[in-house]
Every structure is written in structure tokens, then in C-alpha cells.
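The values are calculated or read from the model by the stated rules, or taken from the named source; none is laboratory data. The model shown is predicted, which means the values in this text are computed figures rather than measured ones. No Cβ is skipped: glycine too gets one built from the backbone with ideal geometry, and neighbour counts run over all protein chains shown.
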Amino acid sequence: MPELPEVETIKRGLQNELVGHTISAIEVRVPKLFIGEANKLVGQTVVSLDRRAKLLICQLTNYLLITHLKMTGQIIFVPKKDEHWVVGGHPDKAYIADLPHKHTHIIIEFDNGTLYFNDLRKFGWMKLLEKTSDLEPLVAEYGVEYTWPEYTLDYFTERLGRRPNTTIKQALLDQSLVAGVGNIYADESLFATKIRPTRKVADVKPKEIEALYHAIPAVFELSLSHDGTSSQHYRQHDGRKGRFMEFVNVYKREGAPCKVCGSPIERLKIAGRSSHYCPKCQK
DNA sequence: CACTTGACCTGTCCGC
DNA sequence: TGCGGACAGGTCAAGT
């Protein structure tokens, strides 16, 4: 479910809640979703939160706690003190009140509230790493972050060029190209650059590649400014939805009129993933 | 080696 | 209303 903007939004939200706070207890209801010795979390204090690709990285006093939300994972933090939300009131109180529920698989108690890990499909996981260097194999295959200085047109072009016979859609989903691009943002970036997702990488012209290189960060930033895309399951750390679905041009808009030309958006499968595009705008 | 498919799970939606 | 099938944002392993 969550791609880069969603995980980044959760990270930013949790930073405000968790940094400096200490874990008092942990309950793992579905053992296979927590890798490592969960009890070691007790007594640990959150030093910082970070993100790499779609991984959420929580630096603790002595360990790292890594989370991948995969398709339907959620991390919801409920503060002990309700006044916490007094400013404006909590926008989705009913959602919070339901926790924990049948899809809550891990519960972590902090001195200031409770963190719930929910996952309908149980694809997501949490992992306790004993030392910082254990993170390396987990992130070794990821490409650069779009915010890094290493994200250059040369890098992007060179990496794409290694896979000339793949469709551009498939290439974008490869985490070793640009970390954090998933189905939504691949489709939206391709619409923004008028490139049809079925095109072979080798047939995409340098100018189009350059446009794509700029479009990916732009789409990420736009989604971030609306707290991500809540197509179905995604929630922010406080239970609110993201609002980017209101702004998508093609994703999940099959049959709806293109916002640019009015043609019905089409959908087809590319490498097993549904892909949405405008048949008129995208060549 | 590169690419495709199936598996991991559970729920929703759509057609008959 | 019930039932079967397709589909869902991610990533691996196994197969071609």
C-alpha cells in the first residue's frame, strides 16, 4: 500500500509523537510479523525516525526497529492524553476508538501512548535489528532517494539504460532505480510526462527521460503536500486519510474522463500490475 | 541473465 | 442472497 510519500508522511507524524519517548511493553499477536526478540524493545527510547525507500526506520537507544507496511499495513499512534488533539479536535476519532481490532497484530506501549500495527493481509512486518550494520543488507539493493544529490539525470538515464527491453512502467517499479516509486506514482509520473506505460525503455527519448526525471520528485512532493494517497487502506499515524486521491490524474480512474483531454482513462496489466493511462495524451 | 508468474493473506466488489 | 472469480498500493522465490 504505502509508497514513498505515505511512509514519509507517517515518519514525520511519528517524529512529533515518539522521539524521546520510551517503550514500556510490547504485545505480538501474530508472531510471524515480528522478526527478532520483541522483548528487547522494553525500556528502549526513540532516538530518531528515518525512512529509506518504503522502509520506516526507528532508531532506539540500542537497537533499530524496521517496519515495512507492504500493501495494507498501518501504524497508528494513540496518545494517552486526548488533549493532545484539542487543536481542531481529532478528525477521525471513530477510527481510533476501534483499536485494537482483528487486524491489529502488534501493540507497542509507550510512556505517552500506544502504537498499533494493523495489517489486513499480513504481508507487512516489523524487524528488530541488533546493530546498525544489520541494516545494510536490507537497503543494499535500493536505488537513490529522489532527495539525494546522487539523484541526477545522468544516474537516472544510465540506470534506465541498463534495461532497454523492459517497459518503462516496469522499470519505474524497480526499487533499484528510484527508491520508493510504487504503482500509483509510476502511473502518475508517466501521465505527467505523456509517456505510455507500455513503451520499451529503449524507445523513450532522452527528452522524455529528462521529463520523467523531473516528474517523479514533483509527483512525490505534491502527494506529500496532501499527506499521501488513501486509495483504500493507507492512514496517517493519527488515523487520518491522505488526500492525494483527489488529485490523481489516472490512477484508479479507468473510464473516467482525462482531466486534460476528456478521453476515458484506460487500464491494462503490465507485468502483473494494473496500469492506468490516457490513450490520447500518452504516446 | 532477464523477465514472468505464483505465493504470501484477507477483504471487497461485480456478475451470474 | 449466495457463490465464484477478479482484484488490491509490495516484494520474494521459483520457473521459463
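Filter the range A:269-282 down to residues that are more than 16 Å from DNA strand B (Cβ to nearest atom) and assigned to a loop (DSSP other than H, G, I, E, B) and give me whichever is nearest to A:HIS226 (Cα to Cα).
If we take residues in the range A:269-282 being more than 16 Å from DNA strand B (Cβ to nearest atom) and assigned to a loop (DSSP other than H, G, I, E, B), then A:CYS278 is nearest to A:HIS226 (Cα to Cα).
Among the candidates A:VAL201, A:VAL178, which residue alone is over 17 Å from A:LEU268 (Cβ atoms) and within 14 Å of DNA strand C (Cβ to nearest atom)? Quick ask: steps written out before the conclusion?
Working: A:VAL201 fails: within 14 Å of DNA strand C (Cβ to nearest atom).
One residue alone meets the criteria, A:VAL178.
Being under 23 Å from the mean Cα position of the chain (by Cα), surrounded by 19 or more Cβ atoms within 10 Å (Cβ to Cβ), among the charged types (D, E, K, R) and more than 16 Å from DNA strand C (Cβ to nearest atom) is true for just one of A:GLU3, A:GLU8, A:GLU17. Which residue is that?
Working: A:GLU3 fails: more than 16 Å from DNA strand C (Cβ to nearest atom); A:GLU8 fails: more than 16 Å from DNA strand C (Cβ to nearest atom).
Of the residues listed, the single one that is under 23 Å from the mean Cα position of the chain (by Cα), surrounded by 19 or more Cβ atoms within 10 Å (Cβ to Cβ), among the charged types (D, E, K, R) and more than 16 Å from DNA strand C (Cβ to nearest atom) is A:GLU17.
Among the listed residues A:TYR234, A:TYR213, A:TYR251, which satisfies the condition of being surrounded by 21 or more Cβ atoms within 10 Å (Cβ to Cβ), in a helix (DSSP H, G or I) and of a type in the set (Phe, Trp, Tyr)? Can you show your working first?
Details: A:TYR234 fails: in a helix (DSSP H, G or I); A:TYR251 fails: in a helix (DSSP H, G or I).
Within the list A:TYR234, A:TYR213, A:TYR251, the selection yields A:TYR213.
Every residue in the range A:43-72 that is polar (S, T, N, Q) and assigned to a loop (DSSP other than H, G, I, E, B), please.
First, pick out the residues of the range A:43-72 that are polar (S, T, N, Q): A:44-45, A:48, A:59, A:61-62, A:67, A:72.
A:GLN44, A:THR61, A:ASN62, A:THR72 - these are the residues of the range A:43-72 that are polar (S, T, N, Q) and assigned to a loop (DSSP other than H, G, I, E, B).
Going residue by residue through the range A:118-127, is there one that turns out to be modelled with pLDDT of 90 or more, away from DNA strand B (no atom under 12 Å from the Cβ) and over 30 Å from A:ILE195 (Cα atoms)?
yes
Out of all the residues in the range A:181-198, is one or more within 14 Å of DNA strand B (Cβ to nearest atom), touching a residue at least 12 places away in the same chain (Cβ under 8 Å) and more than 22 Å from A:VAL139 (Cβ to Cβ)?
Checked against the condition, which is being within 14 Å of DNA strand B (Cβ to nearest atom), touching a residue at least 12 places away in the same chain (Cβ under 8 Å) and more than 22 Å from A:VAL139 (Cβ to Cβ), the range A:181-198 yields at least one hit.
Kindly indicate the residue of the range A:26-77 that is on the phi < 0 side of the Ramachandran plot and among the basic types (Lys, Arg) and also nearest to DNA strand C (Cβ to nearest atom) among those meeting that condition.
Step one: list which residues in the range A:26-77 are on the phi < 0 side of the Ramachandran plot, which gives A:26-35, A:37-42, A:44-52, A:54-69, A:71-77.
Remaining after also requiring among the basic types (Lys, Arg): A:29, A:32, A:40, A:51-52, A:54.
Values: A:ARG29: 20, A:LYS32: 13, A:LYS40: 23, A:ARG51: 12, A:ARG52: 10, A:LYS54: 4 Å.
By that ranking, first place goes to A:LYS54.
Which ones in the range A:222-231 are more than 13 Å from the chain's Cα centre (by Cα) and either in a helix (DSSP H, G or I) or more than 12 Å from A:GLU6 (Cα to Cα) (or both)? Spell out the reasoning first.
Filtering the range A:222-231 for residues more than 13 Å from the chain's Cα centre (by Cα) gives A:222, A:225-226.
Selection gives A:LEU222, A:SER225.
(1) within 11 Å of DNA strand C (Cβ to nearest atom); (2) outside any helix (DSSP H, G or I): which one isn't true of A:GLU266, the others all being true?
Single failed check for A:GLU266: (1).
Given the conditions (1) part of a strand (DSSP E or B); (2) within 18 Å of A:ILE106 (Cα to Cα); (3) out of contact with any Asp or Glu (no Cβ under 8 Å at 6 or more places or on another chain); (4) of a type outside the set (Ser, Thr, Tyr), report the number of the one that A:LYS32 does not fulfil.
Against the list (1) part of a strand (DSSP E or B); (2) within 18 Å of A:ILE106 (Cα to Cα); (3) out of contact with any Asp or Glu (no Cβ under 8 Å at 6 or more places or on another chain); (4) of a type outside the set (Ser, Thr, Tyr), A:LYS32 comes up short only on (1).
For A:THR67, which of the numbered conditions (1) over 16 Å from A:ARG235 (Cβ atoms); (2) among the β-branched types (Val, Ile, Thr); (3) touching a strand residue (DSSP E or B) at 6+ places or on another chain (Cβ under 6 Å) fails to hold?
For A:THR67, the failing item is (1).
Find all pairs meeting these conditions: Cβ atoms under 6 angstrom apart; at least six residues apart or on different chains; first residue within the range A:47-74 and more than 18 Å from A:LEU33 (Cβ to Cβ); second residue outside any strand (DSSP E or B) and more than 16 Å from DNA strand C (Cβ to nearest atom).
A:LEU49/A:LEU14; A:LEU49/A:GLN15; A:LEU60/A:GLN44; A:THR61/A:GLN44
Considering only the range A:104-161, state which residues are more than 14 Å from DNA strand C (Cβ to nearest atom), under 21 Å from A:LEU173 (Cα atoms) and in a strand (DSSP E or B).
If the condition is that a residue be more than 14 Å from DNA strand C (Cβ to nearest atom), under 21 Å from A:LEU173 (Cα atoms) and in a strand (DSSP E or B), then A:VAL144 is the only one that fits.
Here are some conditions: (1) within 30 Å of A:ILE76 (Cβ to Cβ); (2) in contact (Cβ under 8 Å) with a residue 12 or more places away in the chain; (3) surrounded by fewer than 15 Cβ atoms within 10 Å (Cβ to Cβ). A:PHE220 meets all but one. Which one does it not meet?
The failed condition is (3).
Exactly one condition in (1) within 30 Å of A:ARG121 (Cβ to Cβ); (2) at pLDDT below 95; (3) away from DNA strand C (no atom under 11 Å from the Cβ); (4) assigned to a helix (DSSP H, G or I) is false for A:MET245; which is it?
The number of the failed condition is (3).
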